[in-house]
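Structure, as structure tokens:
The values are calculated or read from the model by the stated rules, or taken from the named source; none is laboratory data. Values in this document were obtained by computation on a predicted structure and should not be read as measured data. All Cβ positions, glycine included, derive from the backbone under ideal geometry; neighbour counts span all protein chains shown.
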């Protein structure tokens with residue numbers, strides 16, 4: 001049994017990690033005394049542990065999985081030195097400071113890095129070798145209900161949307177959706193965006209809403225590939241999205257999505273999607289087929305098992 005130390009950083013992703021056989025995860029509790037979020041059920045093989053206890057017992061763990069850049073330095077300064085450290089690179093390089101500093105921290109303090117897309121690995125000027133690999137998200141399409149349609153709602157899922165404009169495209173979302181009816185944003189930290197804010201909601205409830213939505217709108221600017229976008233596609237929900245970063249390698253305009261990078265064109269495509277439900281359903285179905293093939297859970301489990309084997313050795 002592998003004993004893996006970590007902190008909560010992404011419920012869906014860490015829930016998929018918990019599916020890997022013969023693994024236990026010990027999450028260091030945060031400042032709010034939490035080891036998991038309130039939006040997804042905590043897997044039975046994920047346990048809470050204090051930082052003090054984790055430090056005392058760090059040699060009992062096989063490795064430390066880190067999912068956020070600030071945690072690389074924090075965990076090292078806290079004293080976690082005697083345990084192999086694996087970093088999941090979920091970001092896209094977006095400025096010179098970001099590229100140089102974050103890359104240097106990975107090289108200095110991390111034993112192994114997993115990139116979530118090939119395009120992200122390349123954007124960071126890295127390649128797959130003995131210290132780096134690419135593992136796509138896991139999306140089990142069989143656990144997603146079938147898309148129904150019938151509404152003209154325009155749904156986006158994002159936490160702290162205005163505060164993360166640089167990567168999530170809040171202002172692009174504003175300019176693309178202003179004046180349109182039934183525009184919704186689900187997530188924490190969005191109280192100041194007006195009527196579109198629908199607050200945080202469980203992952204299962206969001207899936208049910210996506211089944212009837214007119215479209216899922218992804219305005220992200222600096223993401224290898226947003227999990228919320230993939231989950232919408234897994235529902236068969238028709239997607240309108242920006243076409244940058246990792247999205248360029250999987251989204252095809254008019255085939256499995258409608259894509260653009262300027263507000264005016266995105267707005268037209270959103271309107272076109274919600275007003276043409278038959279075409280939208282076909283696009284959504286092709287998006288679902290893409291996710292089923294490229295993000296199969298068995299591929300995720302196999303590749304992560306190989307990473308664990310390599311790092312623990």
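Structure data summary
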quantity	calculated
Number of the exception - residue 122 against (1) within 17 Å of the chain's Cα centre (by Cα); (2) assigned to a helix (DSSP H, G or I); (3) free of Cβ contacts under 8 Å to residues at least 40 places away in the same chain	(1)
Candidate set: region 187-198, residues that are part of a loop (DSSP other than H, G, I, E, B) and touching a strand residue (DSSP E or B) at 6+ places or on another chain (Cβ under 7 Å); chosen: the one surrounded by the fewest Cβ atoms within 10 Å (Cβ to Cβ)	198
Residues of region 278-294 classified as farther than 15 Å from residue 250 by Cβ and surrounded by fewer than 17 Cβ atoms within 10 Å (Cβ to Cβ), total	5
Matching option when the condition is in contact with a strand residue (DSSP E or B) (Cβ under 7 Å, 6 or more places away or on another chain) and under 24 Å from residue 203 (Cβ atoms), among 6, 75	6
Number of the condition not met by residue 236 [criteria: (1) on the phi < 0 side of the Ramachandran plot; (2) modelled with pLDDT of 95 or more]	(1)
Residue list for region 88-140, filter: buried (at least 16 other Cβ atoms within 10 Å of the Cβ) and more than 20 Å from residue 245 (Cα to Cα)	105, 106, 109, 110, 112, 140
Residue check, residue 276 free of Cβ contacts under 8 Å to residues at least 40 places away in the same chain, over 22 Å from the mean Cα position of the chain (by Cα) and at negative phi	yes
Those residues of region 199-209 which are surrounded by fewer than 18 Cβ atoms within 10 Å (Cβ to Cβ), at negative phi and touching a strand residue (DSSP E or B) at 6+ places or on another chain (Cβ under 8 Å), in sequence order	200, 201
Those residues of region 162-186 which are over 21 Å from residue 273 (Cβ atoms), crowded, with 16+ Cβ neighbours inside 10 Å and touching a helix residue (DSSP H, G or I) at 6+ places or on another chain (Cβ under 9 Å), in sequence order	162, 164, 165
Filtered residue count, region 26-44, keeping only those that are touching a helix residue (DSSP H, G or I) at 6+ places or on another chain (Cβ under 7 Å) and touching a residue at least 40 places away in the same chain (Cβ under 8 Å)	2
Qualifying strands (runs of 3 or more DSSP E) (wholly inside region 1-72; at least 2 residues being closer than 28 Å to residue 225 by Cβ)	2-6, 23-28, 63-66
Qualifying residue in region 210-220 (condition: in the same structural domain as residue 174 (by TED's automatic domain parsing), surrounded by fewer than 22 Cβ atoms within 10 Å (Cβ to Cβ) and in contact with a strand residue (DSSP E or B) (Cβ under 9 Å, 6 or more places away or on another chain))	no
Residues within region 111-139 that are over 19 Å from residue 224 (Cβ atoms) and at pLDDT 95 or above, tallied	1
Any chance residue 269 is on the phi < 0 side of the Ramachandran plot, free of Cβ contacts under 8 Å to residues at least 40 places away in the same chain and crowded, with 17+ Cβ neighbours inside 10 Å	yes
